[in-house]
Each structure stands twice: as C-alpha cells, then as structure tokens.
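Here is the structure we will look at.
The values are calculated or read from the model by the stated rules, or taken from the named source; none is laboratory data. Remember, it's a predicted structure, so these values are computed and weren't measured experimentally. Neighbour counts are summed over all protein chains in view; Cβ atoms, including those assigned to glycine, are modelled from backbone coordinates with ideal geometry. These area figures cover heavy atoms from the full protein model, side chains too; ligands, DNA and RNA do not enter into them. Shrake-Rupley method; radii C 1.70, N 1.55, O 1.52, S 1.80 Å.
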Amino acid sequence: MVKKYGFGKETETDAVSEKIEESSKSELEIEATTDAEGTHFTMELTDETAVYGLGEQMRGINKRGWIYTSRNMDDPSLTESRESLYGSHNFILITTKERNLGIFIDATGRVTYDIGYTKYDELRITVSGGFDLYTIEERTALEVVREFRRIIGKSYVPPKWALGYGQSRWGYKTEADVREIVSGFEKNKLPLSMIYLDIDYMDRYKDFTIDKNRFPDFEGLVRELKAKGIRLIPIIDAAIKVEEGYEVYDEGVKNNRFCKDKEGKEFIVGVWPGDSVLPDVLNKETREWFGEKYKILLDKGIEGFWNDMNEPSLFYSKQNFVKCINEIAEKKGKDLQAEDFNHINYLLSQLANNEEDFKSFYHNADGKTISHDKVHNVYGYLLTRAAAEYFEKYNPNKKYLLFSRSSSIGMHRYGGIWMGDNASWWVHMLSEFKMLPSLNMCGFLYVGADVGGFDGNTTEDLLLRWFALNIFIPLMRNHSVPQSRRQEPYMFGKTEVFRNFLNIRYKLIPYIYEELERCAESNEMLFKPLAFEYPDDERAKETEDQLIFGKEVMLSPVFEQNASGRYVYLPEKMKLIKMKSCEEFTVTELEQGDHYIKIPLDTFAFFVKENGYSKIMNYIQK
Ligand code: MIG
C-alpha cells in the first residue's frame, strides 16, 4: 500500500507520475521531528534489519552501517569514504522477516540517511527543505519495489543497438582518430556499435557546435559509420560558453534562459569553455528551448548522446575565483612560509562545487524564484529530461540513446546513467556490480560503469574480467582518461579472448534486451540481490558478489586479480555454463550449497536456474 504525506515541497519534480492523494499526517507511523536542520524520521533497527536502495552510492548492497547523503556531486575519488556520488536516489527499503517498508523522499534538496552510523540500531533520515514523503508497504521486498516503480512510471528503454559494445576515450579528437578506432576493430574482427565523442569534438567546448578543423565532414562520417552499424555518440555538457555571436548563448541571454545572480544578471561559472552560464532547466520553457538545441546534431544523423557535468559541476564561480586570486595576491612580496602554502592550497580547494555558490544563483521554477541549493539535486535530471522530451517531438517513432552522469528519480523515465569517474581498480568492478540492484530499485535499468576504469592505467587481466562482468550489463562502454594507458580491446595480447567475450555478448543481446523491456514494462528489477529472490535463505541475504539477472540467470564474476576462480553460493540447484566462446563451452549441474568454481581468464562463467537452461542455450546457439 502506498501513502503520501506532504511536507511543503519546494517545487514540482514529477518524480511520481501516478496521482496519489495525500494522507493525514496522523496516519504516519514513523516518528517525525523538525528542527533547524530539517525534518527527521527515526526508526529502530533490529539486528536482522537490512536496508537497501539509494541507487548510485558506494559500499554494500545492504546499506546498513554508514551515512549516505543525497547531494549530486562531481568528485572523482570514488572511495568508501564517500557519502554521495553524482545522483540522488531517495528510495530505501527497510526489511525484516515481518515487514517490508519502502520510503521515498521526493525532495530537491539535501537528504541524509544515517543508517546505523551514529547509533548502530537506529535509522535517522534528515531532509532539509520541503518534500513529499511516500511510504510503501507490501508483503515482500520485490513487491515493494514493483509498487514503487509503478508509481514513478515506466523506465527508459534505449534502442536495441545501444546494448552493443561502445568504445570511448577522452582523447579521440579528430575524424582520423575515429577512423583509426574503427579500423582497429575491423582488423581484429571485434564487433562495435558505438564510438563516443568526448568534449574535443566541439568548437572550443561550445555545446551543439563541431570543430570544423577536426571534423571537416561530420555528417559524412556519421553516415559512413552508420553504414557499418556504428553510431557516433557525442557528449553534451551542462554549461554554455559566454560568447557573443554563439547562437545558444545569445538566444539564452535574450530570453532569460540562464540562472541569475541576486541582481538578476547571468551567474558566471567556470567549466571547460571558461566563462559559462547554466541553463535554467527548472523552467519548462527553458527546457523546451534547450531540448530543441539537440536538433542541430540530430539533423546531422546523430541518434544518441551522453550528458555530462550536469550536477552541475563547477570548477569555480567567477566571483569566488576573483576573490580567491585577490587573497593570494596579498601574499606577494612576503616571506612565504608553509602556512601560506597551505592557505593557498585551501583557498583553491574551496573553489569547485562550492555550496556558497549554490546559494548565490537562482532559478525561475515556472514563476517561483528558488535558490539553486534548494533544487540542486534535480538539475541533471531536468537537463536530461529536456533532451528526451525534445527527441519525442523530433521523432516520436524512434528510440534515442541517452544517458547522464547526474540524475535523480524521475529521470529514470528519460534516460540511463553511467556511474561516473571510476578508476582502473579491481574494487571498482565490484562497485559497479553492487550499484546495479540499487539503481534498478530506483527505476534505472540502462546503467553501467566505465569498463576498464576511467582513471589510471588498466591491465589486460582487469579489462578481461571487466568485459566478462559487463556481458549482461545493458550499458557496456569502455572509457578512459587521456593520460592513461590505451585500453581498446586490441591493445593487448589476448585479442581473441576479448573477441570471444564480445561475441558472447552480441549473441545474448536479444535475450538481455527482451529482459530489459520486460522489466521496464512490469516494473521489475533486472538485477536482483539474492536476498530479494530467496528471502528465507540466511546465506543468500549476505551474498553481495552474486546477483540474479532477470528470471533465470545468476551472475558470479571474478573480482580479484590473479584469482583463477572463486567461491559461489548456490541458493538452489543450478547449471553452471562455462564459455570460452559461443562454440566452446561446458555445462555442469551443481547442487544447492557452496562451490569453488574455476574461472580462468579466458572463460566466461554464469549460472542458470533449471527452468532457464534451454531458453538461454537457444540464444547462444542461434
Ligand atoms: O571534467 O569530458 O565523467 O567521462 O571523459 C571532466 C571529459 C569532464 C567527466 C566525465 C568523463 C569525461 C570528462 N568529464
């Protein structure tokens, strides 16, 4: 049963698409108090209580024992210490044997979930600002999630080709770079469906422009690649360069499309293009206007985009940068000491994504003036929604690929997400894996992390294991930073293994896509924790490095370097399929219980439930 309670929402988010009547607060069974910090909800946690959800976050699938915050943030150090990442996914599920309770906080500002961090046996949620609270109580965890997903509306499903393999790298700068990648894949007989363009394709980082020197015949290239079944997927950043004569900027200034400072002037921030302004997407007309800008690239044959920097991520605000430099300049001519060095470091470290800056610019949320800090968490969602709503107008009969870095619940209807700036670390494979069910709970089905790791140098074994991990993950994109070791699958020795893994993926695409569509249609999770599927199995409850995919598959990837296998827990009798390629594989039946499974580097292994075997085999042998 779903219940809604109003706590003075800042602005409409449309996160919930179902119309639900408000209940009287006297019916609310959770203890609620209000103070200067915001509204607090407190609940006792028994030893057996597990807490799930929160979408994109570090740490476990069971979220107990840490404090999480919803505050969309571009910070590339994805470590266990983090309390928030790029998205705000305010849905949690509290489970015991007796009870399955879902809580959704439809808020635009900061929310904190202290899940047994301050007090081991207490859950304390703190919401700053206004919001709507939804409680969902059902018989099982899966039913709570289904009910929640039903009220937030149908999840985004990409075009089928978007389940192919995508090659990306921040550093493909020119038409020649792109052609070199294509030929690398062709020569090595590796399938490829997408090449991603990072910020360098633009004319000086101006959205919706193309650098003519680097891409003299952009449309020709798009056509040429499409004939080979490869789509070019350009990046779009949130901020717009300040430059007279640049159409997007000029139009935006003329029609008040950008966020303003308290005097009503455009608020200037610094991002890749230098001085920039932020589209005020809290405003419906601005969303329509910004969305329509995608036409420029759609008209050139582009069929998909990735939206970046939309937390929004700010290197600095112009006003703070100036202030900071002035303060540093005061030190000129002095006998500089360590404390000066530390002070300067500190000043510089405070420039990016500064909360004071978020308080100093304003939105026109369809008539209501709101400071950015109060609506920060829906900014990326609304930017992405702007694009999706325009695609619908541009061609209602076509599916477009769209995913975003920043997000909040509501955006799940418009696009997918990628998990941001991970690193070439083994532990980040596990982070990707663990975020899958949490994101599915919040409606995001088309998701994935940068395969191979974005930052730092990858290794061939890491990349191989990562390919194997992503075979069942809808968004499979290899992406990396310019300074890192190249990580295209033909840059190492075991090209054949990469080829085999990709061929297995391509064979499975019809199955994965069918499951994805089914889960979107019926509000199911594509990736389920074992705990949800086997609620009475104590071992299943604590297993976080295995997941159920769809109806019949269980995944148990290898997450450690130099491991040639791993322990797997089977909650029921299953068949183990070990594949070297689509032609060469073995099938073994295993009983319920613990098993050590050998999984060499050149092998992709997964499990199927009894009833799923012939179905899966049909796909593989087609
Ligand atoms: O400030 O466009 O997460 O995927 O390659 C960094 C450059 C901006 C961050 C994205 C990453 C992308 C990079 N971007």
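Mind checking the dipole of region 218-310: about its Cα centre, +1 per Lys or Arg Cβ, -1 per Asp or Glu Cβ, Debye to the nearest 20?
400 debye
For region 377-416, which trypsin sites (Lys or Arg not before Pro) are both in a DSSP coil and crowded by at most 11 other Cβ atoms within 10 Å?
Lys398
Whole angstrom only: what separates the Cα centroid of region 3-69 from the Cα centroid of region 210-256?
Distance between centres, Cα-based: 41 Å.
Residue farthest toward the positive end of the dipole of the chain, with Cβ of Lys/Arg at +1 and Asp/Glu at -1: which of Ser26, Leu530, Gly229?
Most positive-ward Cα: Gly229.
What length, rounded to one decimal in nm, is gained on full extension from Glu137 through to Glu514, with 0.36 nm per residue of separation minus their alpha-carbon distance?
Length difference between fully extended and current span is 132.8 nm.
Give, in nm to one decimal, the length gained when the segment between Glu251 and Gln350 is fully stretched (0.36 nm per residue of separation minus the Cα-Cα distance).
Working it through step by step, the gained length comes to 32.4 nm.
In angstroms, what radius of gyration and Dmax does region 385-460 have, counting Cα atoms only?
14.5, 44
Write out the GluC sites (Glu not before Pro) in region 292-372 meeting two conditions: DSSP loop, and at most 11 other Cβ atoms within 10 Å of their Cβ.
Of the GluC sites (Glu not before Pro), the ones in loops of region 292-372 whose Cβ has at most 11 other Cβ atoms within 10 Å are Glu330.
Quick one: Karplus J couplings for region 122-136, per residue in order, coefficients 6.51, -1.76, 1.60, θ = phi - 60°, nearest Hz, x for Gly and Pro?
These are the phi-based 3J(HN,Hα) values: 9, 9, 9, 9, 10, 10, 8, x, x, 5, 10, 10, 10, 10, 10 Hz.
Give the percent of DSSP beta bridges with both residues in the chain that are antiparallel, rounded to the nearest 5.
Beta bridges within the chain, antiparallel portion: roughly 75 percent.
Rounded to the nearest percent, how much of the accessible area of region 45-132 (1.4 Å probe, protein heavy atoms only) is carbon and sulfur?
46 percent
So, with a 1.4 angstrom probe, what is the percent of accessible area on region 314-364 that is carbon and sulfur?
Solvent-exposed carbon and sulfur of region 314-364 make up 55 percent of the total.
Considering only Pro159, Leu142, Ala176, whose Cα is most displaced toward the positive end of the charge dipole of region 141-180, charges sitting on Cβ of Lys, Arg (+1) and Asp, Glu (-1)?
Projecting each Cα onto the dipole axis, the largest value belongs to Leu142.
Which stretch or stretches of region 518-532 have amide N atoms under 19 Å from the point lying 7 Å from Lys399's Cα along the Cα→Cβ direction?
Of the residues in region 518-532, 518-527 have backbone N under 19 Å from the label point off Lys399.
Go from 0 up to the bin containing the longest alpha carbon distance in the chain, width 20 Å each, and give me the % of pairs per bin.
The calculated distribution, bin by bin, is 19, 53, 26, 2.
Using a 1.4 Å probe on the protein chains only, how many percent of the accessible area of region 227-286 belongs to carbon and sulfur?
Carbon-and-sulfur percentage of accessible area, whole number: 44.
Heavy-atom accessible area per residue, the chain, 1.4 Å probe: how many Å²?
Each residue of the chain exposes 39 Å² on average to a 1.4 Å probe.
Taking the Cβ-Cβ separation of Arg204 and Lys494 as r and a Förster radius of 35 Å, what is the calculated FRET efficiency to the nearest 0.05?
The calculated FRET efficiency here is 0.30.
What list of whole percents do you get for P(r) of region 23-118, with Cα-Cα distances grouped in 10 Å bins up to the one holding the largest distance?
14, 47, 32, 7, 0
Projecting each Cα onto the charge dipole of region 20-157 (Lys/Arg +1, Asp/Glu -1 at the beta carbon, about the Cα centre), which of Asn100, Tyr113, Ser84 comes out farthest on the positive side?
Ser84
Taking the Cα centre as origin and putting +1 on Lys and Arg beta-carbons and -1 on Asp and Glu beta-carbons, what dipole magnitude results for region 130-242, to the nearest 20 debye?
Computed about the Cα centre, the dipole is about 380 debye.
When a/c reaches 1.5 or more, the comparison of a/b and b/c decides; with that in mind, is region 506-622 rounded, prolate or oblate per its Cα gyration tensor?
oblate
In debye to the nearest 20, how big a dipole does the chain give about its Cα centre with +1 on each Lys and Arg Cβ and -1 on each Asp and Glu Cβ?
The calculation lands at about 1820 debye.
Reachable lysines from Lys63, Cα under 16 Å, same-chain residues fewer than 8 places away excluded?
Lys119, Lys434, Lys528, Lys541
Can you give me the P(r) profile for region 476-517? Cα pairs, bins 10 angstrom wide beginning at 0, each as a whole percent.
That works out to 25, 39, 27, 9, in percent per bin.
Based on alpha-carbon positions alone, could you give the equivalent ellipsoid semi-axes of region 291-360 from the gyration tensor, as √(5λ), descending, whole Å?
The equivalent ellipsoid of region 291-360 has semi-axes of 40, 12, 11 Å.
Pull up all non-local amide H partners of Trp66: gap of 5 or more, or a different chain, and H-to-H distance under 5 Å with H placed in the peptide plane.
Here the answer is Ile115, Tyr117, since their amide H atoms fall under 5 Å of that of Trp66.
How far, in nm, would the chain grow between Asp261 and Ser26 when pulled straight, counting 0.36 nm per residue and subtracting the alpha carbon separation?
Extra length available between Asp261 and Ser26 comes to 80.5 nm.
Could you pull out the trypsin sites (Lys or Arg not before Pro) across region 133-215 that fall in loop regions by DSSP (anything but H, G, I, E, B) with no more than 11 other Cβ atoms inside 10 Å?
Taking region 133-215 and a limit of 11 other Cβ atoms within 10 Å, the loop trypsin sites (Lys or Arg not before Pro) found are Arg139, Lys212.
Quick one: if you take sqrt(5λ) for each eigenvalue of the C-alpha gyration tensor of region 129-245, what semi-axes come out, biggest first, whole angstrom?
Three semi-axes, in Å: 38, 23, 11.
Convex hull over the Cα atoms of region 133-202, averaged projected area in nm²?
Over all viewing directions, region 133-202 projects a mean Cα-hull area of 8.4 nm².
Please compute one quarter of the surface area of the Cα convex hull for region 278-429 and express it in square nanometres.
13.2 nm²
What is the spin-label model distance, in nm, from Glu591 to Asn611 if the labels are put 7 Å beyond Cα along the C-beta direction?
2.4 nm
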